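Below is one structure, written out as structure tokens, with a few remarks after it.
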Amino acid sequence: MKPTILTCAVTGTFTTPEHNDTLPVTAAEIASDCIEAAQAGAAICHIHVRDPDTAKPSMEYSYYEEVVSRIRASDTDLIINLTTGPGGRYVPADNNPAVAAPETTLTTAAIRTEHIVRLKPEICTLDLNTMWFGGGAVINSPKSLREMAALIYAAGVKPEFEVFDSGDIQLARELIQEGTLHEPALFQIVTGVKYGFAPGPEAMLYAKSLLPTGCEWAAFGASRWAFPMLAQAYLLGGHCRIGMEDAVYLEKGVKCAGNRPLVEKAVSIIRSLGGSVATVSQAREILQLKAPVS
């Protein structure tokens, strides 16, 4: 079996310091957790950024720039995977659903990918879901996806297609067929998010069966399903993801002290099941990535 690529999703959108006070919030904290995750065995770090004063999710370019600069200056070899998920949320106003409530972030493809075009990470996510998610509608229209994909590919970045339900995979296949999305493709199957794929072997096996032949894929489970779905992804031949975006507990009643313990446990699970964890160079070879920007 080929080595299993382990991604650490270090901070995300919905986890808060109230859930776990070791959640990285500032650019320095996020970069530090990425470096520690890489030292513990993660080949890829998936990165969101936050306002350092409020801890709320942010799309501020300068925060991305600082995180990436700190990682690159550290000489730590890891694959940087920046999110493009923020900017896709529509929340209808209570008195008029045709008007966006203040929580709405829905914006253009150019704004959602600005940090990708300028910073040129090796990977970035491209969410294919349109669904009700976390108190609002996430909208990723085919038109927006075509525009975002064009900008991502022009920057020399490989998109990771995040799929939350079967229709997302159907859309991805159609966009591949028309040439908008390129092969070899990389998919991330998301389970455990309400109204999407349920966490469990049946749903993950079904999702895998829908993927294009020859693609690379990974999967994860949200919250208490994080470690069971990590094991399930490995057993089905996929790559794995863990991190404080997805979970804040090492086990029931025991909170993690940052991302490193989550990665260490994930590595232990993969190895205990007979697998090996990919080095960064092995991950680049498997994913056919271009040389990183220095």
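The values are calculated or read from the model by the stated rules, or taken from the named source; none is laboratory data. No experiment lies behind these values; they were computed from the predicted model shown. No Cβ is skipped: glycine too gets one built from the backbone with ideal geometry, and neighbour counts run over all protein chains shown.
Does any residue of the stretch 188-208 turn out to be in a helix (DSSP H, G or I), of a type in the set (A, V, I, L, M, F, W, C) and in contact (Cβ under 8 Å) with a residue 60 or more places away in the chain?
No, there is no match, as no residue in the stretch 188-208 is in a helix (DSSP H, G or I), of a type in the set (A, V, I, L, M, F, W, C) and in contact (Cβ under 8 Å) with a residue 60 or more places away in the chain.
Residues of the stretch 1-36 being touching a residue at least 60 places away in the same chain (Cβ under 8 Å), more than 21 Å from residue 86 (Cβ to Cβ) and part of a helix (DSSP H, G or I), which ones?
36
Show the residue pairs meeting these rules: Cβ distance below 8 Å; 6+ apart or different chains; first residue within the stretch 96-118 and assigned to a strand (DSSP E or B); second residue modelled with pLDDT under 95 and surrounded by 15 or more Cβ atoms within 10 Å (Cβ to Cβ).
none
I'd like the full set of residues that are part of a helix (DSSP H, G or I) and within 18 Å of residue 212 (Cβ to Cβ), limited to the stretch 119-145.
142, 145
Quick one: which residue in 175, 171, 151, 186 is over 22 Å from residue 209 (Cα atoms), hydrophobic (A, V, I, L, M, F, W, C) and either modelled with pLDDT under 95 or surrounded by 14 or more Cβ atoms within 10 Å (Cβ to Cβ) (or both)?
After applying the criteria, what remains is 151.
Give me the pairs, please: first residue somewhere in the stretch 141-157 and touching a residue at least 60 places away in the same chain (Cβ under 8 Å), second residue anywhere and surrounded by fewer than 19 Cβ atoms within 10 Å (Cβ to Cβ) and aliphatic (A, V, I, L, M), beta-carbon distance under 9 Å, and either six or more positions apart or on two chains.
Listed pairs, sorted by first residue: 148/110; 152/117; 156/293.
Might you check whether a residue that is more than 19 Å from residue 127 (Cα to Cα), surrounded by fewer than 20 Cβ atoms within 10 Å (Cβ to Cβ), out of contact with any Cys (no Cβ under 8 Å at 6 or more places or on another chain) and among the aliphatic types (A, V, I, L, M) occurs anywhere in the stretch 224-232?
yes
Could you check residue 192 against (1) surrounded by 19 or more Cβ atoms within 10 Å (Cβ to Cβ); (2) of a type outside the set (A, V, I, L, M, F, W, C); (3) closer than 19 Å to residue 215 by Cα and say which number it fails?
Condition (3) is where residue 192 drops out.
Restricting to the stretch 69-91, name every residue that is over 17 Å from the mean Cα position of the chain (by Cα), in a loop (DSSP other than H, G, I, E, B) and either surrounded by 17 or more Cβ atoms within 10 Å (Cβ to Cβ) or free of Cβ contacts under 8 Å to residues at least 60 places away in the same chain (or both).
74, 75, 76, 91
Looking at the structure I just gave you, is residue 241 farther than 17 Å from residue 9 by Cβ, surrounded by 14 or more Cβ atoms within 10 Å (Cβ to Cβ) and under 18 Å from the mean Cα position of the chain (by Cα)?
no
Residue 117: over 19 Å from residue 49 (Cα atoms), surrounded by fewer than 22 Cβ atoms within 10 Å (Cβ to Cβ) and β-branched (Val, Ile, Thr), yes or no?
no
In the stretch 1-58, how many are touching a helix residue (DSSP H, G or I) at 6+ places or on another chain (Cβ under 6 Å), closer than 14 Å to residue 278 by Cβ and of a type in the set (Val, Ile, Thr)?
Summing the residues that are touching a helix residue (DSSP H, G or I) at 6+ places or on another chain (Cβ under 6 Å), closer than 14 Å to residue 278 by Cβ and of a type in the set (Val, Ile, Thr) in the stretch 1-58 gives 2.
Can you tell me which residue within the stretch 41-68, out of those that are out of contact with any Leu (no Cβ under 9 Å at 6 or more places or on another chain) and in a helix (DSSP H, G or I), is farthest from residue 262 (Cα to Cα)?
Here the residue is 62.
Check whether at least one residue in the stretch 39-62 is under 16 Å from the mean Cα position of the chain (by Cα), buried (at least 24 other Cβ atoms within 10 Å of the Cβ), over 23 Å from residue 126 (Cβ atoms) and at pLDDT 95 or above, and report yes or no.
No, the conditions are met nowhere in the stretch 39-62.
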